[in-house]
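See below for the structure under consideration.
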Amino acid sequence: MKITAIKTAVVEANFDWTFVRVYTDQGLYGTGECFFAPGLTATIKDIAEVVLGQDPRNIDYLTKLMRRATSCAGATGGTVFHAITGIEFALWDLLGKHLKAPVWQLLGGKWRDQVRIYADSHGGHTLESLGPCTLPRTPDWCKVQAGTAETDQESFSPKGYADMARQVVAKGFTALKFDIDIFTGHHKCETRPLTSDEIQFQISLVKAVREAVGPKMDIAIDCHWRYNINDVLKIAWGCEPYNLMWLEDPTPPENVENLALVTRQTKTPICTGENAYTVHGFRHLVQTNACHIIAPDFQKAGGVLEARRIADMADAYFIPIAPHCIASPIGTMQSAHICATLPNFLVLEFHAMDVPFFDAMAAGDGRPLIQNGHVTITDKPGFGIELNEEAAREYAKPGENFF
Ligand code: MG
């Protein structure tokens, strides 16, 4: 079997859902999904040349070949890794179809049939769509202009957060996540010192969510790397009575020692990892116990095999894994296959509650991918999910190829 072509398609959703397909001379193809990045599809087109004509079943070898070929353009992470990761996922989908086996089985079998999902939740009635440089945009489907903390103060309030949290509970989720960094000028300056009022307001949001959902719901809170150690420790200490599942990315990702200082001084569990790539990107973090939970993004971290390496290393240090995920149903199901095989799996993210066509992106009987806060893993070959091309074309990003 030989690779004959690699093509892409992009759907303009809350982010650019970037699909990559690997075609073969035997008529089979596999589909993967990449985390967005500026210039991503052009990067995929260039990297495709490295593996054209190769046997797609040699997945580890081909992945290392692509990494070596692009080492001067991102030896440890970045856009080339997003591209390589999507291609690697497509190779696994292809291998599963070729062997008529689900990917979870090829990875050593599963620990669970249902993968628990947490709902990333925003304050109030907002729709959010961000371009490849995370600038806000308004696609045709996004009829309601996205609100901000300045324009939508009612929903970005303790009451607004509590209302949204109740809606998430009503949908059957057992875990959710809220951002608390959107009120403090983060877009103007990172790690700007917070005032006492700002810190107290953020803690009041967490209190409101906990009181709205009761003691059993798991709550995560995201800081998006905005804060200095002193300020975020005050937030973490203030959150301790509310029994968080985790506080995410309290300090910038470049400095693991700073993060470790936060981790060691609070009872609130600290989670990080969506900006790290490969097992090497997590090694120092895990070996120094600089966080309590890791959250790699499987659509960018290096591929299915790399995801296993990261998860297995964390497991050796008794650290659970809660993967970050902003993908379409395709990428979400692909991440779920990996999660099904991990002994140290905690919960997987769902970031598209605001996207009205999320479920339409998957071909088939139209069954919602997430039911009662879980994704059910099937025995279908590959990742067991196909893109609904008709629906994908409807929301295709202008100016991008569609396979
Ligand atoms: Mg995050």
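The values are calculated or read from the model by the stated rules, or taken from the named source; none is laboratory data. Here the structure is a predicted model, which is why all the values come from computation and not from measurement. Cβ sites come from the backbone with ideal geometry, for glycine too, and all protein chains shown count toward neighbours.
Computed values, structure above
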| item | result |
| --- | --- |
| Among (1) modelled with pLDDT of 85 or more; (2) within 20 Å of Glu394 (Cα to Cα); (3) touching a Ser or Thr at 6+ places or on another chain (Cβ under 9 Å), the one test that Pro158 misses | (2) |
| Conditions (1) closer than 25 Å to Leu176 by Cα; (2) within 16 Å of the ligand (Cβ to nearest atom); number of the one not met by His337 | (2) |
| Whichever residue in the stretch 218-243 is within 14 Å of the ligand (Cβ to nearest atom) and assigned to a loop (DSSP other than H, G, I, E, B) and, among such residues, is farthest from Pro296 (Cα to Cα) | Tyr227 |
| The stretch 202-217, residues that are farther than 21 Å from Lys234 by Cβ and out of contact with any Lys or Arg (no Cβ under 9 Å at 6 or more places or on another chain) | Gly214, Pro215, Lys216 |
| Inter-residue pairs, beta-carbon under 8 Å, first within 13 Å of Leu95 (Cβ to Cβ) and in the stretch 39-67, second polar (S, T, N, Q), 6+ apart | Pro56/Thr24; Leu62/Gln54 |
| Total residues in the stretch 263-315, condition within 16 Å of the ligand (Cβ to nearest atom), out of contact with any strand residue (DSSP E or B) (no Cβ under 6 Å at 6 or more places or on another chain) and farther than 23 Å from Ala336 by Cα | 1 |
